[in-house]
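Here the structure comes first, spelled out in C-alpha cells, and everything after it is commentary.
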Amino acid sequence: MPSLSAPPALERRAGILVPLFSLASSRSWGIGEIGDIARFSRWLDAAGQRLLQLLPINEMPPGETSPYSALSAMAIDPQFISMDPIEDFAAAGGEAGLDAATRRQIDAARAAGRIDYAAVRTSKHAALTRAFAHFRDSEWRTRSSRASAFQGFIDEQQWWLDDYALFRSLHARQGERPWTEWPEPIRFRDPLALRQARAETADDILFRQYIQWVAAGQWGAARAAAAPVQLFGDLPFMVGGDSADVWARQDHFTLNASIGVPPDAFSADGQDWGLPVYRWDVLAANDFDWLRDRARRNADLYSGYRVDHLVGFYRTYYRPHEGGEPQFTPSDQAAQIALGEAVLGVFREPGTEIIAEDLGVVPEFVRESLTRLGVPGYKVFRWERDWEEPGRPFRDPAGYPAASVATSGTHDTETLAAWWDEAPAEEREAVLAVPSIAVRRARAPDDAHALLGALFASGSGLLILPIQDVFGWRDRINQPATVGGGNWTWKLPWPSDRLDDQPAARAVVAKLKSWAAEGNRL
C-alpha cells in the first residue's frame, strides 16, 4: 500500500482561483490560453500571491463547456494553445494567412464578452491543421532536428498518448459519435481492428500527437515563466463516459449507472452527473493503475492540485440506469476508509502537493481521515459555523487549522458580493461579530475588506480566493445542477495582459499585497 505519512506543514501562502479560459488577453483568440499564464502570474507576483489555482484543462468533447466532463484525463485541450508562438503556424502564413471568414471569426471571439467555444474551436482547429501540414512536410518528412524532438515526445509520453491519439482520431472519423456507437470491432478494441485503424488514420494520429507536443512545450515554458508563482491544477473525480480513458479501460468502469451526489445545499434532490462509476474492485486488483497514471500526469503539469469531490474516492454515490435505489460503493465504512486512504496515497506518490475538496455531504470519518493523513481540506467561511449552537455562530478564521485551505467561495458558489447582498440581516450581524472580523471592521472601507483581511490572517496555511471576490464582482463561473449558456463562459472584464493599465486592478494589487504581508503570507 502507498505510504500514508503526513506531508510537511503547509507554508503560509495565498493565491487566486481563476479558470484558464477566463484569462483571455489582447492577443489570444477569445479564450484564455497557455501563453497568458506568464503575464497573469507576473500580476499575481506583484500582488504578493504565490499560487494560481486553475480549473481542469483536459480536452473537452465537441459541444461541451464543462471542464469536469473530459474527453481525456491526460490531454491538454487544444483550445488553450497559443497560436502566435508556433513557428509552423508563422511559417504557414500566421493569422494573416487564414481565410477571411476564419479571421472574422477570431476577431468576433476576441471582442465577445463571453467565451464562444464553437468559434474558438473552429478557428483553432483550422490554424493547427495548417501548422501541422507545414511541420509534416517541412520537418517530419525531412527528419529534421525538430522532427527528432517530436519523436522523443511521442516515445516518452506513449503511456497515455497512444490510446488518446487513436481514440481522438477515431472519434473524428466516426463523426464525433460516442465510442459506444462505433462498430463493434473498434468499440471493443479488437486487436486486428485497432491495427487496421492505426494504419488508416496514421496521418490524423500524428496530427493529434503534434497538438499535444505543442501544448506540452508551451505549458513547460509557461510554468517556468510563472515562477515564483506556483501553478495548481484540479483533478476531476471522473472523466466522461465518452473518453479515451474509459474506452481503453472498459473493465474499470460500470457503464449502466452514473455517479452524482446525495441531496445537499445545492440541490434538494441531489445531482446526477451522467458519468460512469468506478469498479473499485477492478482498480484495486490493478494496483489503481489509471489513478496512478493520472497522478503522474498531474505531477508533470503542476506543483500541486486540488482533488475534486474528495468524498467520492472514499465512497461513490451512484444511481443505476435501470431503476433501483441510489447507493454507495464501497458499501461499508471500513472499506470506504481503506479505499480513500489508498487512493490518497497513490495521488501523493509523485511528491506533488495535494489539497482536498471536501465540501458538501461529507461524513465525519472522512474528515478524520484527512486530518490523520495531513491532507488539507477546505474552510469556506460562509459554511464554517457551529450549526448546533444557538444562533449558529460563524467560526473565527483565526482558529482554522494550519492543515487547511481557507477561502471565501469556490467556482460553484455565488460570489462573496452576491452572497453578502442576499444574506439576511441576522446573518450579516453574525459575520461581523466574529472577533477577527470585528477588529478589522473599524479600519476597513467596507465589510468585505474586513472579511477578506480576516481570511488572510486565518490559521489556514493556504488561502485561495476566487478572483471575483477580491474585486467585488458578482459574475459567477458556474451554477451547479443547471445547464445554462452562462456557465463556464466568464472572461475577465479586461485583457489579462493589460491589468496594469486598469486603476481598479492596480488598487487590488496594493490591497492583496498589504493583506498578504499582514497575514504573514509573503
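The values are calculated or read from the model by the stated rules, or taken from the named source; none is laboratory data. Because the structure is predicted, anything quoted here is derived from the model rather than measured. Here the Cβ positions follow ideal geometry from the backbone for every residue, glycine too, while neighbour counts run over all protein chains shown.
Would it be correct to say that Asn478 is surrounded by 17 or more Cβ atoms within 10 Å (Cβ to Cβ), in a loop (DSSP other than H, G, I, E, B) and not charged (D, E, K, R)?
Spelling it out, Asn478 is indeed surrounded by 17 or more Cβ atoms within 10 Å (Cβ to Cβ), in a loop (DSSP other than H, G, I, E, B) and not charged (D, E, K, R).
Please go through the range 1-57 and pick out each residue that is among the acidic types (Asp, Glu), under 27 Å from Gly94 (Cα atoms) and either modelled with pLDDT under 95 or outside any loop (DSSP other than H, G, I, E, B) (or both).
Asp36
Can you pull out every residue in the range 108-141 that is surrounded by 14 or more Cβ atoms within 10 Å (Cβ to Cβ) and free of Cβ contacts under 8 Å to residues at least 40 places away in the same chain?
Thr122, Ala126
Out of the range 363-376, which residues are closer than 28 Å to Trp419 by Cα and surrounded by fewer than 20 Cβ atoms within 10 Å (Cβ to Cβ)?
Within the range 363-376, Pro363, Glu364, Arg367 meet the criteria.
I need a count of the residues in the range 244-302 that are farther than 30 Å from Arg208 by Cβ and β-branched (Val, Ile, Thr).
1
Quick one: Arg292 ticks every box in (1) closer than 30 Å to Asp497 by Cα; (2) part of a helix (DSSP H, G or I); (3) touching an Asp or Glu at 6+ places or on another chain (Cβ under 8 Å) except a single one, so which number is it?
(1)
For the range 180-268, list the helices (runs of 4 or more DSSP H) that sit wholly inside it and hold at least 3 residues that are touching a residue at least 40 places away in the same chain (Cβ under 8 Å) and either closer than 30 Å to Tyr317 by Cα or in contact with a helix residue (DSSP H, G or I) (Cβ under 6 Å, 6 or more places away or on another chain) (or both); which are they?
202-226, 244-248
Picking from Ala438, Ala442, Ala417, which residue would you name as being surrounded by 15 or more Cβ atoms within 10 Å (Cβ to Cβ) and aliphatic (A, V, I, L, M)?
Ala417
I need every pair where a residue in the range 393-421 that is without any contact (Cβ under 8 Å) to a residue 40 or more places away in the chain has its Cβ under 9 Å from the Cβ of a residue that is buried (at least 20 other Cβ atoms within 10 Å of the Cβ) and of a type in the set (Lys, Arg), sequence separation at least 6 or different chains.
Close Cβ pairs satisfying both conditions: Arg395/Lys379.
Pick from Gly30, Gly35, Gly48: which is farther than 27 Å from Arg521 by Cβ, in contact with a Lys or Arg (Cβ under 6 Å, 6 or more places away or on another chain) and crowded, with 17+ Cβ neighbours inside 10 Å?
Gly30
Which numbered condition trips up Gly351, out of (1) in contact with a strand residue (DSSP E or B) (Cβ under 7 Å, 6 or more places away or on another chain); (2) surrounded by fewer than 15 Cβ atoms within 10 Å (Cβ to Cβ); (3) small (Gly, Ala, Ser)?
With (1) in contact with a strand residue (DSSP E or B) (Cβ under 7 Å, 6 or more places away or on another chain); (2) surrounded by fewer than 15 Cβ atoms within 10 Å (Cβ to Cβ); (3) small (Gly, Ala, Ser) applied to Gly351, the lone miss is (1).
Before we move on, is Met74 part of a loop (DSSP other than H, G, I, E, B), over 17 Å from Gln209 (Cβ atoms) and not small (Gly, Ala, Ser)?
No; evaluated as a whole, the condition is false for this residue.
Which residue pairs have Cβ atoms under 6 Å apart, sit 6 or more places apart or on different chains, and have a first residue in the range 315-342 that is within 14 Å of Val366 (Cβ to Cβ) and a second that is assigned to a loop (DSSP other than H, G, I, E, B) and among the basic types (Lys, Arg)?
Every condition considered, the pairs that remain are Phe328/Arg315; Gln336/Arg315.
Can you tell me which residues in the range 438-468 are assigned to a helix (DSSP H, G or I), of a type outside the set (D, E, K, R) and either under 17 Å from Lys513 (Cα atoms) or touching a residue at least 40 places away in the same chain (Cβ under 8 Å) (or both)?
Answer for the range 438-468, where residues must be assigned to a helix (DSSP H, G or I), of a type outside the set (D, E, K, R) and either under 17 Å from Lys513 (Cα atoms) or touching a residue at least 40 places away in the same chain (Cβ under 8 Å) (or both): Ala448, His449, Ala450, Leu451, Leu452, Gly453, Ala454, Leu455, Phe456, Ile467, Gln468.
Hey, can you tell me all the residues within the range 159-179 that are in a helix (DSSP H, G or I) and exposed (fewer than 13 other Cβ atoms within 10 Å of the Cβ)?
Trp159, the sole residue that qualifies.
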